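Written out below as structure tokens is the structure these notes cover.
The values are calculated or read from the model by the stated rules, or taken from the named source; none is laboratory data. Note that the structure is predicted; figures quoted are calculated from it, not measured. Please note: Cβ atoms are built from the backbone with ideal geometry, for glycine as well, and neighbour counts cover all protein chains shown. The accessibility values were calculated without ligands, DNA or RNA, using every heavy atom of the protein model including side chains. Shrake-Rupley method; radii C 1.70, N 1.55, O 1.52, S 1.80 Å.
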Amino acid sequence: MKQYDALVIGGGPAGITAAMYLARSACSVLLCEQLTPGGQILMTDTLENYPGYPKGIKGYELADLFSAHLDGLPVERATGAVDSVTGEAGNFVARCDKQEYGCKTVLVCTGARHRTLGLDREATLLGRGVSYCALCDGNFFRGQAVAVVGGGNSALEEALYLAKLAGKVYLIHRRDAFRGAKILLDRLNGTDNVVMILDTVVAKLHGETELTGLTLRNVHSGEERPLAVEGLFVYVGFEPATGFLPAVLERDARGFILTDTEMRTNIPGIFAAGDIRSKLCRQAITAAGDGATAAQAAFIFLEQF
Ligand code: NAP
């Protein structure tokens, strides 16, 4: 079994930053990434709030730059999902794509996956009108009517993106106030083909093999009405994927990993960074910051071995 000082799980901004810092400190590093490096920024059209890019930068461009930052550094990469982490500090074993890897410390940077609405046939209609990625699927709905559900930054940003492609965008939110940034809301209010439907939830999906519309329900009156749309983009937040980690790892009520300010978890030798952590602010920049802190803490931790 191949041995490393550090195993970094997840190749988003947190994981790439952590791997970069550890490699620069002469630690041997394995970076396991399920898909392509970049994490959620790959699903973002343009990042407007990443310092250094005053005109914004495309998500895929930033992801490429992050990944390129590891070129030339002694970071080994493995592609696949990590199924389990067992053992203890100095002697962890992780399984990734049927291979076992030994490591002294583990940095969990796996981010979070999108939450679903939990509606009947939501899974069946996935890719047939229902989507969780406007950047991936928006192009299929050129000139058509689509709905976006959610009131956070993701919903607002993606509604703006879709407004450039779709004929009409209905932004459906369960309250009358948005939690996303005001600058985005102002832009949406100034966009002709965006219609906001507030205090409303999606109660039903219509269509057997393709989405043909929705039933909307007003949360106060309970009144229901149909809305004809070809596409539904769901942006109702994210949930962590931590099932592969030891049960004794402390999580908050929503399942996000609890850490101290140095990204240490309650298990010595396991650190967590980025969106997988229990915290207020989930941004590419804070994920990268967490990754740097976790790497520094892991480096100090490794000195005992
Ligand atoms: P979020 O901030 O957690 O917002 C989720 C939204 O979905 C909330 O408005 C919530 O309503 C609504 N919601 C939750 N469950 C629902 C349900 N079952 N039915 C209908 N609506 C539901 O999630 P997010 O927008 O994906 O953002 C996640 C994190 O990434 C945030 O920290 C966000 O700031 C960050 N982010 C930042 C940027 C940026 O800075 N450019 C871009 C994207 C994301 P309530 O408001 O009523 O709870």
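Could you please let me know if Val248 is outside any strand (DSSP E or B) and crowded, with 16+ Cβ neighbours inside 10 Å? So Val248 fails the test. Number of residues in segment 245-282 that are closer than 30 Å to Arg128 by Cβ and in contact with a strand residue (DSSP E or B) (Cβ under 6 Å, 6 or more places away or on another chain): the value is 2. The single condition among (1) open to solvent by 70 Å² or more (accessible area, probe 1.4 Å); (2) within 14 Å of the chain's Cα centre (by Cα); (3) at pLDDT 95 or above that Thr36 does not satisfy is (3). State whether one or more residues within segment 213-221 are outside the structural domain of Asn139 (by TED's automatic domain parsing) and over 24 Å from Thr116 (Cβ atoms). No - not one qualifying residue is present in segment 213-221. Restricting the first member to segment 278-300 and to residues that are near the ligand (Cβ under 9 Å from one of its atoms), and the second to residues that are part of a helix (DSSP H, G or I), the beta-carbon pairs closer than 6 Å and six or more apart or on different chains are Arg282/Asp275; Ala284/Pro13; Ala284/Ile41. The residues listed here are Phe238, Phe233; of these, the one that is surrounded by 14 or more Cβ atoms within 10 Å (Cβ to Cβ) and farther than 19 Å from Gly291 by Cβ is Phe233. If you check Tyr21, Tyr50 for being among the aromatic types (Phe, Trp, Tyr), within 16 Å of the ligand (Cβ to nearest atom) and in the same structural domain as Ala288 (by TED's automatic domain parsing), only one passes: Tyr50. Residue pairs whose Cβ atoms lie under 6 Å apart, sitting 6 or more positions apart in sequence or on different chains, and linking a residue in segment 76-92 that is aliphatic (A, V, I, L, M) to a partner that is open to solvent by 20 Å² or more (accessible area, probe 1.4 Å), are Ala81/Gln34; Val82/Phe244; Ala89/Pro268.
Considered as a group, the residues in segment 260-283 that are touching a helix residue (DSSP H, G or I) at 6+ places or on another chain (Cβ under 8 Å) and part of a loop (DSSP other than H, G, I, E, B) include one that is most open to solvent (accessible area, probe 1.4 Å), and that residue is Thr261. Looking only at segment 145-167, residues that are near the ligand (Cβ under 6 Å from one of its atoms) and outside any helix (DSSP H, G or I) come to 4 in all. Would you be able to say whether some residue in segment 124-143 is in the same structural domain as Pro268 (by TED's automatic domain parsing) and part of a strand (DSSP E or B)? No, because not a single residue in segment 124-143 is in the same structural domain as Pro268 (by TED's automatic domain parsing) and part of a strand (DSSP E or B). Residues considered: Thr105, Thr116, Thr124. Of these, the only one that is β-branched (Val, Ile, Thr), within 16 Å of the ligand (Cβ to nearest atom) and either surrounded by 15 or more Cβ atoms within 10 Å (Cβ to Cβ) or under 30 Å from Glu230 (Cβ atoms) (or both) is Thr116.
Within segment 170-181, the residues that satisfy the criterion of being more than 7 Å from the ligand (Cβ to nearest atom) and either closer than 24 Å to Gln283 by Cβ or surrounded by fewer than 20 Cβ atoms within 10 Å (Cβ to Cβ) (or both) are Leu171, Asp176, Ala177. In the same structural domain as Gln40 (by TED's automatic domain parsing), open to solvent by 60 Å² or more (accessible area, probe 1.4 Å), among the small types (Gly, Ala, Ser) and not in a strand (DSSP E or B): does that describe Ala298? Taking the combined requirement at face value, the residue does not satisfy it.
Just wondering, is there one or more residues in segment 189-196 that are within 16 Å of the ligand (Cβ to nearest atom), acidic (Asp, Glu) and either open to solvent by 80 Å² or more (accessible area, probe 1.4 Å) or in contact with a strand residue (DSSP E or B) (Cβ under 9 Å, 6 or more places away or on another chain) (or both)? Scanning segment 189-196 turns up no residue that is within 16 Å of the ligand (Cβ to nearest atom), acidic (Asp, Glu) and either open to solvent by 80 Å² or more (accessible area, probe 1.4 Å) or in contact with a strand residue (DSSP E or B) (Cβ under 9 Å, 6 or more places away or on another chain) (or both). Restricting attention to segment 12-28, the residues that are open to solvent by less than 30 Å² (accessible area, probe 1.4 Å) and in contact with a Phe, Trp or Tyr (Cβ under 6 Å, 6 or more places away or on another chain) total 1.
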